[in-house]
Structure formats: structure tokens, C-alpha cells
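The values are calculated or read from the model by the stated rules, or taken from the named source; none is laboratory data. Since we're looking at a predicted model, the values are computed, not measured. Cβ coordinates were reconstructed from backbone atoms using ideal geometry, including for glycine residues, and neighbour counts include every protein chain displayed. To get the accessible areas, we keep the full protein, side chains included, count just its heavy atoms, and leave off ligands, DNA and RNA. Shrake-Rupley method; radii C 1.70, N 1.55, O 1.52, S 1.80 Å.
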Amino acid sequence: MASAPTVSVVIPAYNAAWCVRKAIDSVLAQDFRDLELIVVDDGSTDDTPAVLASYGDRIRVVSQANGGMSSARNAGIRAARGEFLAFLDSDDWWLPPKLGRQVDLLRRRPELGFCSCAARVEDPDGRLLNLWSCPSWQEPFVVHLFGSGADVPGSCSAVLARRELVLRVGAFDESLRGAEDPDLWIRLSAVSGYACLADPMVVVLRRP
């Protein structure tokens, strides 16, 4: 059996044929190469399966009945073998240094359980809507998050976390139909540290 990769990247995809190729290509173009890419087809009824099949063995595809974002992300987590987990929504994408910079950060600072980076928020025409910057806080970060749940910039598409820690705190809560990512960040920050890289290395798409 091949040795486990350092990073497992999880992309949940539901009827994402229109966008998922850009997300996948941005992962495959990372400067950091020791990764596996798991795309969870969450019961798509469009051409998503054909798009994923076109990548052959460059990606791993997990197919399931539609269960929602948390269910799809958790399916990817269960399939993951890496030391670290990275998440990317199917309509967002990364810049090439993203994973390498984050892996280096978590390896240098073992007290950190997860990290993110600043993100560009763009419209479908590529216009910058907002720069989602790193937060500042004085109190413990878990306390800060209770009042500012959106203060992990880029949210799922920007976070790199230690897989063992994500499993220990229970991964994503599949009973939630909103705020499932800040819920996980709160649970992670209750048992570990968090840091943010100030360079925007994620693009988050916002559609009207």
C-alpha cells in the first residue's frame, strides 16, 4: 500500500459541473505536492460525475446519496488518510502557495490545531467584492468565535486542520443546515490553537 499523504483535500460537490473543474485544477496546481484529492459527489443529477471521471486516478471520488454539505465533508474525512485535512468548496479555488504555507505553519507550531488564510471574495466576473482579512483578538479564540463566528477567513475553503483533532471533536455536525463550519471551528479552538496567514491565497466566489 502506498504511504499516506501529508494532506487530504476534501471537495464536496453537488450539481457542480459548472464550477468544480476550476476547484480541482487549483488543488492539482499547488506548489505542495504530497496530497490526495477526494471529491465527494453528493448525489449530483447533472454532469458532475462525468467531469470527475475525466480526471482518472488523479483524484479519488466518493459517491453518495444527497446528504448535504456536512454529510459530504464527513464522507471525505472518513476516506482521508493524510495527517492534515484541507477543505475546498466546489465553487472556490486556491492560489498555488496555499497548502505549502499552511503545512509549514502547522509543522512549526504544534500547539496549533488548525489555521486559515486571508481570502479574496469575488463575483462571477472576477471583480473583487471584499478582502476577507485575518482577525485580531484579545480573549481566547474560542470566546472570540462565539461573538464573531465568521472570523475564520475563507472558512471551509481556507482551513487546514490536523485530521486526528477533527476526528476527536466529532467532525461536522450533520444535524445543522447552516453555520456548520463555525460550529466546528469553535469545537477545534476549544481544544487547540488557531492562526491565520495574512496573504490572500483563497478565492471565494459570491453569486447574486
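Going through V27, V51 one at a time, which residue ends up being under 17 Å from D91 (Cβ atoms), in a helix (DSSP H, G or I), at pLDDT 95 or above and over 18 Å from the mean Cα position of the chain (by Cα)? Step through it out loud before you land on a result.
Working: V27 fails: over 18 Å from the mean Cα position of the chain (by Cα).
After ruling out the rest, the residue left standing is V51.
What are the residues in segment 92-117 that are assigned to a loop (DSSP other than H, G, I, E, B) and either open to solvent by less than 40 Å² (accessible area, probe 1.4 Å) or within 21 Å of R33 (Cβ to Cβ) (or both), if any? Can you show your working first?
Narrowing segment 92-117 to residues assigned to a loop (DSSP other than H, G, I, E, B): 92, 95-97, 109-111.
Matches in segment 92-117: D92, L95, P96, P97.
Considering only residues that are farther than 11 Å from G154 by Cβ and either touching a His at 6+ places or on another chain (Cβ under 7 Å) or not in a strand (DSSP E or B) (or both), which ones fall in segment 118-138?
Selection gives D123, P124, D125, G126, R127, P135, S136, W137, Q138.
Just to be sure I understand, how many residues within segment 173-208 are acidic (D, E), crowded, with 16+ Cβ neighbours inside 10 Å and touching a Cys at 6+ places or on another chain (Cβ under 7 Å)?
Summing the residues that are acidic (D, E), crowded, with 16+ Cβ neighbours inside 10 Å and touching a Cys at 6+ places or on another chain (Cβ under 7 Å) in segment 173-208 gives 1.
Of all residues being open to solvent by 70 Å² or more (accessible area, probe 1.4 Å) and among the acidic types (D, E) in segment 40-65, which is farthest from R21 (Cα to Cα)? Just the residue, please.
Ranking the candidates gives D57 first.
Can you name the residue in segment 137-172 that is of a type in the set (D, E) and more than 21 Å from R120 (Cα to Cα) and, of all such residues, is most open to solvent (accessible area, probe 1.4 Å)?
Taking segment 137-172 first, the residues of a type in the set (D, E) are 139, 151, 164.
Next cut, more than 21 Å from R120 (Cα to Cα) only: 139, 164.
Numbers: E139: 74, E164: 111 Å².
Taking the candidates together, the pick is E164.
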